[in-house]
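Participant: Here you go, one structure.
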Protein chains: 2
Amino acid sequence: MNILERTHLEIIRAVDQCGSLTAAAEKLHVTQSALSHAMRKLEDQFGTAVWHREGRVLRPTQAGGYLLELANRLLPQFARAEEQVGQFARGERGSLRIGMECHPCHQWLLKIVSPYLAAWPDVDVDVKQEFQLGGIGALFGHEIDLLVTPDPLHKPGLVFEPVFDYEQVLVVGHQHPLSKLRHVQPAQLTDETLITYPVSLDRLDVFTRFLTPAGIAPKRHKRIEATDIVLQMVASGRGVAALPRWLVEENAERFGVVPLRLGPRGVRKQIFLGYRERSYGTDYLRAFLELARDYQVAHPQ
Amino acid sequence: MNILERTHLEIIRAVDQCGSLTAAAEKLHVTQSALSHAMRKLEDQFGTAVWHREGRVLRPTQAGGYLLELANRLLPQFARAEEQVGQFARGERGSLRIGMECHPCHQWLLKIVSPYLAAWPDVDVDVKQEFQLGGIGALFGHEIDLLVTPDPLHKPGLVFEPVFDYEQVLVVGHQHPLSKLRHVQPAQLTDETLITYPVSLDRLDVFTRFLTPAGIAPKRHKRIEATDIVLQMVASGRGVAALPRWLVEENAERFGVVPLRLGPRGVRKQIFLGYRERSYGTDYLRAFLELARDYQVAHPQ
DNA sequence: TCATTCCATGAATGGTATTCATGAATAAAT
DNA sequence: ATTTATTCATGAATACCATTCATGGAATGA
């Protein structure tokens, strides 16, 4: 079926470069005879010569010239492909698709990703936020390779590792009446506007671990996507929000907001990094996990 | 040395298209086992899998995805190459490089070339006018494939065929004193300005076959490249020129010029088409010669 | 649970690419 | 003109490797 092979192009190019079959044969580490036979067969199959044999010099025919051009175009691509697949094999190259199920974690993620990109220049990092089947499904379906989530779900084949823990706090404006308290009680939010990320209630710890157990609901509930808009709203007294303490503290000065403990003991949270057990063999994925662990050690809460 | 072969790309693409090794094997007319072995070997050499084997479904790995892209890019080029070389082999495709050693023949050439181009859409026609080693040398050195010349030079390996004969005439303006004569004598040009193409004198028949034998020279000699400029100059009485009769007659009305026989018997010329004997096997070259012959039969002088 | 479909594997084989040995043709050197 | 050194082509022998055959295990779907 196929007559033209990579080898033929390799020969044609070598002959062009070396000027003779014999020299080309040496370059390709085979006998001159091998090349002669190979090209003879090709020419027979094509029904046309690749070279004019004039004395002992080979001059490309029109077909030969065409094939030479082809060779110069295709062979580098073969070479590059082998090199790149080699990089895939050694785990030096790939793409790391990270799924996020945790809004405020974006900030944390950036702190891991930037040194990671520097260390693994051949790995593309891709962050996704929306999944049809949920984060776990996306992980299983190979839609993503890593999942950043506060809700580890133990399934065979998946591993979840805590990489970050922090306290979830209420954030209020500087002049807010609650701002002087050491901690806040659920009932104190009855007349407040609560601002959250636009996700379902059961994924909001303010509700699941603070308000709902006490049977309390805030006066209003607003959903806003962007974290700094949330902070601005809070700063201007338009509402209160629940955010990680570190995030609030980082922005306290700039926005004029204050963190308050949720209940006397606070609400502690953990962020997990989930991955498929089998993908742990991939160097660049493991490297990411290690970077995340290192970060946790260097920045304990 | 080389691990990745066209075959592998062929397999990878077929598996992608057919969805399974078995189906791909059928498409490629080999056993499923053959493909399995082939890809196994490739994977061993690369050190990485091309597909994730999940149950009985094959999902491309990152390396596999990369190779699939490569396959979709390169395989069509292989296919196209085989097709084109096939055309070369059947003489349907090529490039015909025509050398011109005869200025006024350009008009004639166009009449052959335009139907030729229509009949042989895959043949590129290239017309060259300048050669370092002369037309014959260019023909020998494969710089051109056909030579249009008035001077056939018989050499072994070369063939010259007369394809066109015509009378070379003197052309003068409508009101020129000579314009009423039936023919002109060399001596009558003593006071004229003679316009010729800018080539050496020994290639100008007005000199070699008319003036020089009579020991006559014109008052002035002007060299002009473009034929219609020559005609305009002649029409405005600025000089006389020697051109093929058919060319003059074609333009007699438009420019207001008159053809005059050179001497009582006229100067008859022949144009030859030269080619390398061995290239006569090439279909599209032979076709050109046949077209030229047909034209001669259809337009006898 | 059974039948079916798919891929992997080891051994056997058949084909083919490569080598070896040699000849013919050309170009360079004497 | 001879000689010498290259170069490519060719046929036969060989060694290698791709393919097949036969089979088993694993997953899917009825």
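Participant: For the range B:187-201, state whether one or more residues are in a helix (DSSP H, G or I) and at pLDDT below 90.
Facilitator: From the range B:187-201, those in a helix (DSSP H, G or I) are B:187-189, B:201; that's our starting set.
The next check asks that each one be at pLDDT below 90; those that pass are B:201.
Checked the range B:187-201: at least one residue is in a helix (DSSP H, G or I) and at pLDDT below 90.
Participant: Tally time: how many residues in the range B:222-240 are under 17 Å from B:Val169 (Cα atoms) and either modelled with pLDDT under 90 or open to solvent by 20 Å² or more (accessible area, probe 1.4 Å) (or both)?
Facilitator: Our first condition is that a residue be under 17 Å from B:Val169 (Cα atoms); within the range B:222-240, this holds for B:227-228, B:230-235, B:237, B:239-240.
Imposing the further condition that a residue be either modelled with pLDDT under 90 or open to solvent by 20 Å² or more (accessible area, probe 1.4 Å) (or both) reduces the set to B:227-228, B:232-233, B:235, B:237.
The qualifying residues number 6.
Participant: Taking the range B:1-56 as the search range and keeping residues that are near DNA strand C (Cβ under 8 Å from one of its atoms) and out of contact with any helix residue (DSSP H, G or I) (no Cβ under 7 Å at 6 or more places or on another chain), which one is modelled with the lowest pLDDT?
Facilitator: Per the stated criteria, the residue is B:Arg56.
Participant: Further, regarding this structure: Does A:Tyr116 satisfy the criteria of being surrounded by fewer than 20 Cβ atoms within 10 Å (Cβ to Cβ), modelled with pLDDT of 85 or more and touching a His at 6+ places or on another chain (Cβ under 6 Å)? Step through it out loud before you land on a result.
Facilitator: Values: surrounded by fewer than 20 Cβ atoms within 10 Å (Cβ to Cβ): yes; modelled with pLDDT of 85 or more: yes; touching a His at 6+ places or on another chain (Cβ under 6 Å): no.
Judged against the criteria, A:Tyr116 is not a match.
Participant: Scan A:Pro76, A:Pro60, A:Pro104 and give me the residue that is away from DNA strand C (no atom under 16 Å from the Cβ) and open to solvent by 60 Å² or more (accessible area, probe 1.4 Å).
Facilitator: Details: A:Pro60 fails: open to solvent by 60 Å² or more (accessible area, probe 1.4 Å); A:Pro104 fails: open to solvent by 60 Å² or more (accessible area, probe 1.4 Å).
Being away from DNA strand C (no atom under 16 Å from the Cβ) and open to solvent by 60 Å² or more (accessible area, probe 1.4 Å) holds for just one of A:Pro76, A:Pro60, A:Pro104, which is A:Pro76.
Participant: To continue, here is another question. Do you know which of the residues in the range A:36-45 that are within 11 Å of DNA strand D (Cβ to nearest atom) and either under 47 Å from the mean Cα position of the chain (by Cα) or among the hydroxyl-bearing types (Ser, Thr, Tyr) (or both) is surrounded by the fewest Cβ atoms within 10 Å (Cβ to Cβ)? Outline the logic, then answer.
Facilitator: Restricting attention to the range A:36-45, the residues satisfying the condition of being within 11 Å of DNA strand D (Cβ to nearest atom) are A:36-41, A:43-44.
Narrowing the set further to residues that are either under 47 Å from the mean Cα position of the chain (by Cα) or among the hydroxyl-bearing types (Ser, Thr, Tyr) (or both) leaves A:36, A:38.
Working: A:Ser36: 14, A:Ala38: 16.
The residue in question is A:Ser36.
Participant: Check B:Arg220, B:Arg245, B:Arg209, B:Arg182 and return the single one that is outside the structural domain of B:Thr149 (by TED's automatic domain parsing), under 30 Å from the mean Cα position of the chain (by Cα) and farther than 24 Å from B:Glu130 by Cβ. Lay out the reasoning, then the answer.
Facilitator: Details: B:Arg220 fails: under 30 Å from the mean Cα position of the chain (by Cα); B:Arg209 fails: under 30 Å from the mean Cα position of the chain (by Cα); B:Arg182 fails: under 30 Å from the mean Cα position of the chain (by Cα).
Every option except B:Arg245 fails the conditions.
Participant: Mind listing whichever residues of the range B:234-251 are closer than 18 Å to B:Leu211 by Cβ and assigned to a helix (DSSP H, G or I)?
Facilitator: B:Val234
Participant: Do we find that B:Gln84 is open to solvent by less than 30 Å² (accessible area, probe 1.4 Å) and either away from DNA strand C (no atom under 16 Å from the Cβ) or not basic (Lys, Arg) (or both) in this structure? Write out each step before concluding.
Facilitator: Numbers: open to solvent by less than 30 Å² (accessible area, probe 1.4 Å): yes; either away from DNA strand C (no atom under 16 Å from the Cβ) or not basic (Lys, Arg) (or both): yes.
Judged against the criteria, B:Gln84 is a match.
Participant: If we keep just the residues of the range A:87-101 that are in contact (Cβ under 8 Å) with a residue 12 or more places away in the chain and open to solvent by 10 Å² or more (accessible area, probe 1.4 Å), which is nearest to A:Ala241 (Cα to Cα)? Before you say what the answer is, go through the steps one by one.
Facilitator: Step one: of the range A:87-101, the residues in contact (Cβ under 8 Å) with a residue 12 or more places away in the chain are A:87, A:90-101.
In the following step, the residues that additionally are open to solvent by 10 Å² or more (accessible area, probe 1.4 Å) were identified as A:87, A:90, A:92-93, A:95, A:97, A:101.
Values: A:Gln87: 46, A:Arg90: 46, A:Glu92: 42, A:Arg93: 41, A:Ser95: 35, A:Arg97: 30, A:Glu101: 18 Å.
Only one residue fits best here, namely A:Glu101.
Let's see how each residue does on (1) in contact with a helix residue (DSSP H, G or I) (Cβ under 7 Å, 6 or more places away or on another chain); (2) within 14 Å of chain A (Cβ to nearest Cβ):
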{"residue": "B:Gly135", "(1), (2)": "no, no"}
{"residue": "B:Ala138", "(1), (2)": "no, no"}
{"residue": "B:Glu143", "(1), (2)": "no, yes"}
{"residue": "B:Leu153", "(1), (2)": "yes, no"}
{"residue": "B:Tyr166", "(1), (2)": "yes, no"}
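Participant: For A:Arg268, work out the one condition from (1) in contact with a helix residue (DSSP H, G or I) (Cβ under 9 Å, 6 or more places away or on another chain); (2) open to solvent by 80 Å² or more (accessible area, probe 1.4 Å); (3) of a type in the set (Lys, Arg) it doesn't fulfil.
Facilitator: (1)
Participant: May I pose another question? Can you tell me which residues in the range A:134-159 are part of a strand (DSSP E or B) and open to solvent by less than 20 Å² (accessible area, probe 1.4 Å)? Step through it out loud before you land on a result.
Facilitator: Residues of the range A:134-159 part of a strand (DSSP E or B): A:146-149, A:158-159.
Across the range A:134-159, the qualifying residues are A:Leu146, A:Leu147, A:Val148, A:Thr149, A:Leu158.
The values are calculated or read from the model by the stated rules, or taken from the named source; none is laboratory data. Just so you know, these numbers come straight off a predicted model, no measurement behind them. When we count neighbours, we look across all protein chains shown, and the Cβ atoms used for this are built from the backbone with ideal geometry, even at glycine. Surface areas here come from the heavy atoms of the whole protein model, side chains and all, with no ligands, DNA or RNA. Shrake-Rupley method; radii C 1.70, N 1.55, O 1.52, S 1.80 Å.
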